[in-house]
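Scroll down for the structure; my scribbles are underneath it.
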Amino acid sequence: MALQVSSAGFSILAQRRRGSGGSLGARAVTSESVTTLKGDEKVKLGGSDVKVTRLGLGAWSWGDTSYWNDSGWDDRKLKEAKAAFDASVDGGITFFDTAEVYGAGMMGAVNSETLLGSFIKERRKTDSVEISVATKFAALPWRFGRGSVISALENSLSRLGLSSVDLYQLHWPGIWGNEGYIDGLGDAVEKGLVKAVGVSNYSEKRLREAYDRLKKRGIPLAANQVNYSLIYRAPEENGVKATCDELGITLIAYSPIAQGILTGKYTPENPPTGPRGRIYTPEVLAKLQPLIARIKEIGEVYGKTNTQVVLNWLVCQENVVPIPGAKNAEQAKEFVGAIGWQLTDQEVEELRSLAAETKPVIGFPVEKL
């Protein structure tokens with residue numbers, strides 16, 4: 001998700017290896033042997049029939065000028081975004097998440113849905129690869145009832161240039177009530193405009209209500225997209241992750257590398273620019289350095305980067321599909337290397353314990369609605 005207002009059930013294919021407690025070096029693997037996704041390495045979104053790659057790509061930054069891209073969008077950034085899309089598909093990542101408010105109106109230069117749609121159209125001229133698309137409905141205060149969901153969806157489909165999408169989600173809970181919005185999701189399924197439906201930033205209580213309301217119509221709630229990373233583990237603490245697992249709802253993790261903070265790129269001397277710099281201050285970054293150093297050490301054992309380690313950590317939680325954002329081809333290629341291998345249970349818990357020593361620095365207000 002991620003919008004400022006705001007704002008992404010399966011089993012690991014390979015059995016998790018148990019840590020021996022000895023040297024990590026014996027478990028090292030080469031990146032060349034693990035960085036390609038296979039065509040059958042897909043997971044179902046909840047109880048729906050939709051299958052997606054176990055890692056997706058978030059398109060929040062595409063066209064945006066309010067939070068990303070240093071408040072500017074130009075042809076160079078457009079070409080880089082297109083290269084990110086192609087690199088993802090080339091690497092086997094074919095699940096893309098966008099939203100009607102990404103890069104929309106005063107918030108950006110070009111709508112993210114429009115960009116993604118153009119990338120898909122161009123790709124399909126020479127490639128028949130199956131692309132899975134997820135987008136979201138903005139529960140704006142002036143939108144009322146189920147009809148607003150269908151109207152917004154039709155506009156999204158027009159921008160995307162598609163007759164249907166694989167997953168349609170409510171971007172955040174509505175202020176005036178959610179029953180009509182949930183009914184609108186059900187209508188979208190019955191009209192054949194979407195293959196599966198989900199929500200985003202929903203609490204445990206709201207998640208159960210949405211699940212039950214759709215279940216009465218025989219429609220599964222496929223996903224709940226929430227902020228989830230090694231340093232923001234609220235879904236583990238507020239019952240959302242457990243509820244997703246219980247009800248068979250896939251947890252889609254947005255901001256899975258904490259908006260780039262866990263990559264190791266940023267330090268107290270080199271904090272991020274823009275709004276992120278006000279969140280991840282030098283003081284916060286200083287407290288994160290022991291964790292980031294340990295992530296790097298573990299990555300070196302596997303021939304992996306920090307980014308690949310923290311994304312793999314999320315995949316190891318099971319029933320989680322991370323959707324990191326990529327601005328360019330280099331980032332997209334790096335994401336591909338996050339799958340096809342696995343941290344040990346010991347490493348997973350060690351990183352969780354280290355991360356627990358640092359209090360999360362941000363949550364999104366819409367999670368509390």
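The values are calculated or read from the model by the stated rules, or taken from the named source; none is laboratory data. Predicted model, so just to flag it, every value in this text is computed and none were measured. Counting neighbours? That spans all protein chains shown, and the Cβs are built from the backbone with ideal geometry, glycine included.
Observations
- Test result for residue 346, surrounded by fewer than 18 Cβ atoms within 10 Å (Cβ to Cβ), more than 20 Å from the chain's Cα centre (by Cα) and modelled with pLDDT of 95 or more: yes
- Residues within the range 328-340 that are under 14 Å from the mean Cα position of the chain (by Cα) and at pLDDT below 95, tallied: 0
Residue-by-condition table, conditions (1) in contact with a helix residue (DSSP H, G or I) (Cβ under 7 Å, 6 or more places away or on another chain); (2) at positive phi; (3) surrounded by fewer than 21 Cβ atoms within 10 Å (Cβ to Cβ):
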| site | (1), (2), (3) |
| --- | --- |
| 212 | no, no, yes |
| 222 | no, no, no |
| 242 | no, no, yes |
| 247 | yes, no, yes |
| 260 | no, yes, yes |
| 267 | yes, no, yes |
| 272 | no, no, yes |
| 276 | no, no, yes |
| 284 | no, no, yes |
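- Condition check for residue 217: among the basic types (Lys, Arg), in a loop (DSSP other than H, G, I, E, B) and at pLDDT 95 or above: yes
- Residue satisfying all of: in the range 239-259; modelled with pLDDT under 95 and polar (S, T, N, Q); farthest from residue 273 (Cα to Cα) among these: 255
- Options 125, 121, 136: the member that is within 25 Å of residue 73 (Cα to Cα) and surrounded by fewer than 20 Cβ atoms within 10 Å (Cβ to Cβ): 121
- Inside the range 91-106, residues that are out of contact with any strand residue (DSSP E or B) (no Cβ under 7 Å at 6 or more places or on another chain) and at pLDDT below 95 make up a count of 4.
- Candidates 131, 150 - the one that is closer than 18 Å to residue 57 by Cβ, surrounded by fewer than 24 Cβ atoms within 10 Å (Cβ to Cβ) and modelled with pLDDT of 95 or more: 131
- Among (1) in a helix (DSSP H, G or I); (2) under 30 Å from residue 284 (Cα atoms), the one test that residue 224 misses: (1)
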